[in-house]
Amino acid sequence: MTRQMTGAKMVVQALIDQGVDTVFGYPGGAVLPIYDEIFQQNSIKHILVRHEQGAVHAAEGYARATGKPGVCLVTSGPGATNAVTGLTDALMDSIPIVVLTGQVPTFMIGSDAFQEADTVGITRPCTKHNWLVKETDRLPGVLHEAFHVATAGRPGPVLIDIPKDVQFAQGTYQPPKPSTSHYQPQVKGDMEAITELVAAIETAKRPIFYTGGGVINSGPGASQLLRELVDATGFPITSTLMGLGCYPASGKHWMGMLGMHGLYEANMAMHDCDLMINIGARFDDRITGRIDAFSPKSKKAHIDIDPSSINKVIKADIPIVGDVGHVLEDILKVWKSRGRKTNQSAVAQWWSKIEEWKAVDCLKFQQTGKTIKPQHALARLEALTKDHDRYICTEVGQHQMWAAQYLGFEDPNRWMTSGGLGTMGYGFPASIGVQMGHPEALVINVAGEASWLMNMQELGTAMQFNLPVKQFILNNERLGMVRQWQELLHGERYSHSWSESLPDFVKLAEAFGAKGILCSDPDDLDDAIMEMINHDGPVLFDCLVEKHENCFPMIPSGKAHNEMLLGEAETQGVIDAKGSVLV
Amino acid sequence: MSALKIKKGSTSHSAYNLRPTFSDVEERHTLAVLVENEPGVLARVIGLFSGRGYNIESLTVAEVDHTGHLSRITIVTVGTPQVIEQIKAQLGRIVSVHEVHDLTVEGPSVERELAMFKVAGQGDKRVEALRLADIFRANVVDSTLESFVFEITGAPDKIDAFADLMRPLGLVEVARTGVAALPRGD
């Protein structure tokens, strides 16, 4: 039904019609008409963040945890520029979010007006698509199209810039219709290529599934199909950081995460395999290590919805463009119809080789003395929370890698981390978004003290909306990953990689009215974690850990998968000049 | 004259510099990109080339279908086969892009460019310039007692050849449109 209304009302109406229940935002001059409409309705909850970057990360957390697009509303100029980091983060990790920005009135655009910025110009390279809407009548169509573009194909962030006069003016509202957009990415894979892959599955001697965030983005159905295929073939499976949870950590065929800080067995198996089945991953440089030594003996199949991912870094022998869920369904169908064949004896031998690598026990550590090891803190966190309805966010750095190594994920959409962009300050606002999507769940942000401080202002948001997010800070008073690289690469010259003048986190929590817990003794750790879980409200958990612990195992920059370092003793002079220029 | 020389993106600090090129031989490809005729669409295409460190040798753009709201961008680019494939895939994922055609591989095509040359001189040089212009079927579109402006249409190498000949004869200024191209036949 079409109706006359103002542009501002159209925004709220379109959000309601798109099924949006939560908006993360921050008001300002150029979005006041929209805020006025938000004030006069009850369908959409608005979460007032304390900084626009927090709004975007919260929307990302909400999107990852619920599978629905996240929505942000911010003002022009600084509101929009503060959103840029979150947009880039969402673009790199393929997270569907819709960001609405106010803009100065159309007749003032280009005049360097107060709080004017070229928002579509600034955000063009960090959005999947963006629009500046200059006529109110175009607004409904663009709003609905934005949700289509954000979620269709490879998901990503979109932005709509709405000048203030467009918000005030009357126009005709159109409800959403089935998309007539020319943007309709291909979801079905090529059957010939799928049959070729099935034939390779039937004969492979040393196969491996290498899965990524594409499985999660394809929806829970894709994870179910993946589990069926993995368990039916009996092939080992590893996953990127972004894909954790698509196959259960307790699953029989799970080998753990791969990559720079991935598990030894996963990386060795990637190096020695004869058939690599990449499902929704993109051969990121954290995964491949040295490219000319990457899995030299394998045939590589690559399933990706984005044609530009294929052959970008690693040449695919069997490229399949399509949605992971659709392609997995077809693979299973063809494989079953051809008699469910695998080379069982060879695969059994392959598994015995993998068991040898597993026996190295690359994540082993010893909790001795009176200082908490970060690995121990996460192992205890895992033990005490794994039976809960649990969602984990992280910031970026050593704690993030340890969390990926020591926590287990049984289901998709339970793990929110900044993979591609590596955004410190992501985790805390993301946990707020997750908690909004799952009010009853236990939401924990595993953080480092330095990352956490980057968006600490959001403690106000958590308090205001009574979101009981648990901030589990592994406090080593260092920028741990920077410090680790300085130790390995820069002659132990620790340039600006320590955290001085840290706040008293317990007092900081209390200043916001939240609960603070300090724990420094391994003997107190379990009780303290239980206290955190049982507290009904936001908790800042300051866990003082070993200051100089390094994150292992590690593939040094410029090295191959089979050149992993397992511990401190092996680190001397391992990264050559060529490797040291890499990030 | 290449219309735009966009600097290679700064890749020296990323793992990408260890990327093996599947073939080292650089090829010149002419791409025809049909895009939604909307504000910012050219910036999206050019931003892709600069942001990812691809080359643009020549670029032309104009609306070609008013009712369908479509513009045609013709880009001449240089890269290894892998890079060319990446460019096409990256162009294809821009939401405003409807179609990407690689005219260099999709069968025979015809390429034309229009250029204007201002040549100043007197005496024999002036006569020689006029004579050569005639051979190249260039038209005189402006004339003074001391200068001509020639208009010439042709494939880029013909225009290059004409420029080489005009240079010793008093070439003052050049304007080139960049390449427009269509596939041959139907």
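Summary of values
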item	result
Translational D in µm²/s for the protein assembly as shown (Stokes-Einstein at 25 °C, 0.890 mPa s, Kirkwood Rh from C-alpha pairs)	86 µm²/s
Percent accessible area from carbon and sulfur atoms, the range B:110-183, protein chains only, probe 1.4 Å	56 percent
Spatial separation of Cα centroids for the range A:407-475 and the range A:277-328, in angstrom	30 Å
Those residues of the range B:87-105 whose amide nitrogen sits under 20 Å from the label point placed on B:H69, 7 Å along Cα→Cβ	B:92-100
Accessible-area composition of the range A:234-344, carbon plus sulfur, in percent [1.4 Å probe]	48 percent
Cβ-derived FRET efficiency at R0 25 Å, A:S181 paired with A:A441, nearest 0.05	0.10
A:L421 accessible area, assembled protein chains, probe 1.4 Å, Å²	70 Å²
Reciprocal of mean inverse Cα separation for the range B:27-102 (Kirkwood radius, Å)	12.3 Å
GluC sites (Glu not before Pro) within the range A:124-215: DSSP coil, no more than 14 neighbouring Cβ in 10 Å	A:E135
Packing rank of A:159-171, A:361-373, where each peptide gets the mean count of other beta carbons within 10 Å, highest leading	A:159-171, A:361-373
A:K45 long-range amide H proximity, modeled H, under 5 Å	A:T22, A:V23
Spacing of the two label points (7 Å from each Cα toward its C-beta) at B:Q122 and A:K45, in nm	8.7 nm
Under 5 Å, built H, 5+ apart or other chain: amide partners of A:A316	A:N311
List of the range A:291-316 residues, accessible area with partners at least 30 Å² below that of the chain alone (1.4 Å probe)	A:I291, A:S308, A:N311, A:K312, A:V313, A:K315
Interface residues in the range B:68-90 - accessible area drops by 50 Å² or more relative to the isolated chain, probe 1.4 Å	B:Q86
Per residue accessible area in Å² of the range B:110-183, where ligands, DNA and RNA are left out and the probe is 1.4 Å	56 Å²
30 Å Cα-Cα reach of A:K341 towards lysines, excluding residues that sit fewer than 8 places from it in its own chain	A:K188, A:K205, A:K252, A:K297, A:K299, A:K300, A:K315, A:K333, A:K353, A:K358
Where B meets A: accessible area buried, both sides, 1.4 Å probe, Å²	2100 Å²
Listed residues A:W485, A:W350 arranged by accessible area, highest first, probe 1.4 Å	A:W485, A:W350
Proximal aspartates and glutamates to A:K370, defined as alpha-carbon separation beneath 13 angstrom and excluding residues fewer than eight positions away on the same chain	A:D521, A:D523, A:D524, A:E546
Set of lysines near A:K45 by C-alpha distance (under 16 Å), chain-local residues within fewer than 8 positions excluded	A:K9, A:K68
R0 of 22 Å, Cβ-Cβ distance B:D24-A:N562: FRET efficiency to nearest 0.05	0.25
Accessible carbon and sulfur surface of the range A:142-233 relative to its total accessible area, %, 1.4 Å	55 percent
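The values are calculated or read from the model by the stated rules, or taken from the named source; none is laboratory data. Fair warning: this is a prediction, and the values are worked out from it, not measured in the lab. Positions of Cβ are backbone-derived with ideal geometry, glycine not excepted, and every protein chain shown enters the neighbour counts. For accessibility, only protein heavy atoms count, side chains too; no ligands or nucleic acids. Shrake-Rupley method; radii C 1.70, N 1.55, O 1.52, S 1.80 Å.
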